[in-house]
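*Asks:* Got a structure for you, written out below as structure tokens; questions coming shortly.
None of the figures in this text is laboratory data; all of them are computed from the coordinates on show. Values in this document were obtained by computation on a predicted structure and should not be read as measured data. Cβ placement follows ideal geometry from the backbone for every residue including glycine, while neighbour counts extend to all protein chains displayed.
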Amino acid sequence: MGRLLATISALVALIACSSAEGSAEQALLDWLEAGGGQVHFRVGRPCAACERGALASRAFAAGEELARIPVAASVVLRGGDSLAEAAFRLLDQLHSNASFRRAFAPFLAAMPAAGDVLAVEALPDGELAELQTPALERLARSKRREAQAVYSRHKQAAAWLSLPELQHMTSLVRTRSFAKLLGRRRLVPAFDMLNHHEDANARVADDGSAFLLLVATRPIAAGEELTLQYKAGVLHRPDASLLLYGFLPPAPESSATLLSAVDLPSFMAANPFKPSDATDDRSVPTAADSWAARLVMLGEYDRLSRALAAMPTSAEQDKALAEGAAGGTAEWRRRLLVQFRLHRKRALRAALARMEAAWAQLPALCGPPGGCAAHAGSLAVRPAVASSAPASPVEAALGLLPPALLTPLGSAVLWGWKVRQIGAAPLLAQPDILVPLVCGGAMLFMAKRGGLRMR
Ligand SMILES: *[C@@H]1O[C@H](CO)[C@@H](O)[C@H](O)[C@H]1NC(C)=O
């Protein structure tokens with residue numbers, strides 16, 4: 001799977017016109033057909049500016065077969081949960097088993113080359129820094145370490161193994177394999193040519209015997225792009241799709257300003273890419289009818305504006321880089337990384353703008369405009385307070401609180417909000433949750449001790 005890049009694009013053009021006898025791509029089709037397989041799509045661009053994808057070769061009704069691939073033509077991957085280990089086992093088979101190598105030669109020859117895919121495992125620190133997103137860079141480095149660890153473990157026994165080769169195969173396994181097909185993780189020829197879509201029009205099935213099937217989930221017009229849902233509710237976040245599959249989600253209006261997973265309040269490094277809403281409506285607090293809700297909004301505003309401020313280049317610089325970068329592998333990869341950070345900046349700015357607009361609708365938090373500016377200084381970069389409506393007693397009281405008290409108070413409110421957002425269990429992994437929790441606990445403990453002594 002994975003976004004169809006240069007290599008595959010060439011491949012599929014061939015499927016379309018089958019004028020490329022002797023090519024790796026034609027060999028793949030011939031091989032599939034010889035095994036009883038059928039492929040009713042070709043590769044091409046659904047529109048001039050679109051990425052390449054699988055295009056239906058005729059109209060299909062819902063439930064109709066789009067392709068059938070012999071189970072024997074799929075490659076079963078072993079190695080448990082570790083993709084790098086699975087990649088090593090595959091390379092090992094290819095190296096040591098001549099009949100395996102012969103059997104799958106047409107499939108493997110049609111796989112993209114290392115220069116045509118973005119392999120997180122192989123990205124050096126310098127390129128990772130282009131993301132301007134430390135949380136994401138850490139995740140990428142941990143994937144790189146995983147591949148390096150597998151390499152170190154096996155290099156003694158497998159002198160033929162090279163790290164770049166393992167990194168490339170690991171990325172192919174991650175982006176193109178199907179996790180649970182007939183009980184196994186598998187690479188499946190032809191199915192791996194379909195792009196991802198949240199609302200896909202194809203799904204994978206099996207006929208209980210010797211074939212894996214690609215089936216239409218709804219009526220499909222001739223020439224329409226066929227898509228699969230790689231992972232439900234995850235890949236609409238640009239950092240998830242980039243890190244897991246090496247592409248950025250196509251940006252329809254709905255996702256053009258969708259926050260990255262790392263910027264969601266529920267983000268956890270231990271489980272970074274979990275399904276999330278299709279919009280940011282629930283993640284960006286804009287309802288602020290109580291003082292507690294306002295503290296949440298201030299806290300989130302503060303957090304997201306700091307994330308934006310920490311990205312060193314301006315959007316204009318990024319745009320120039322993304323447009324100016326010419327061809328070549330390194331350039332192509334760099335452009336993708338720059339496009340990611342552009343998207344992230346746009347999404348952060350949009351989230352901040354929504355909070356500012358919501359804030360402007362509210363009566364002032366602390367009485368007359370500017371009344372509590374001095375106190376709020378430690379809490380947040382405050383959105384401009386527009387209204388001069390009289391403050392409620394709670395708000396007036398809040399305005400009298402010293403900042404030192406306001407910050408733990410804000411943390412506590414944020415904490416309550418996050419409990420509602422993400423549930424209690426995973427909260428302990430988050431420093432902004434853990435710190436107020438530990439401080440609160442310590443204060444309670446001391447208060448209790450003080451009370452005991454007084455008695
Ligand atoms: C070698 O590959 C063939 C063809 O896939 C397979 O049947 C056989 O089990 C493999 N041998 C070993 C030792 O893995």
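*Asks:* Which of rounded, prolate or oblate describes the range 119-256 when judged by the alpha-carbon gyration tensor and an a/c cut-off of 1.5?
*Replies:* Because a/c hits 1.5 or more and a/b fails to exceed b/c, the range 119-256 counts as oblate.
*Asks:* With a cut-off of 8 Å between alpha carbons and a minimum separation of six or more residues, what is the relative contact order of the range 55-201 in percent?
*Replies:* Once divided by the residue count of the range 55-201, the mean separation gives 32 percent.
*Asks:* Where nothing but the Cβ of Lys and Arg (+1) and of Asp and Glu (-1) is charged, how large is the charge dipole of the range 6-245 around its Cα centre, in debye to the nearest 20?
*Replies:* Approximately 640 debye in magnitude.
*Asks:* Could you pull the Rg and Dmax for the range 66-139, using just the Cα atoms, both in Å?
*Replies:* Rg, Dmax (Cα atoms, Å): 16.4, 46.
*Asks:* A follow-up question, please. Please report, in debye to the nearest 20, how large the charge dipole of the range 42-103 is about its Cα centre when each Lys and Arg carries +1 at its beta carbon and each Asp and Glu carries -1 there.
*Replies:* 320 debye
*Asks:* On the first, second and third principal axes, largest extent first, how far apart are the outermost C-alpha atoms of the range 6-245 in Å?
*Replies:* Extents along the principal axes: 50, 44, 34 Å.
*Asks:* For a test of the definition: using alpha carbon positions, the gyration tensor, and the 1.5 limit on a/c, classify the range 105-171 as rounded, prolate or oblate.
*Replies:* In terms of gyration-tensor shape, oblate.
*Asks:* First check a/c for the range 202-256, with a ≥ b ≥ c the square roots of the eigenvalues of its C-alpha gyration tensor; if it is under 1.5, answer rounded, and if not, answer prolate when a/b is larger than b/c or oblate otherwise.
*Replies:* The shape class here is oblate.
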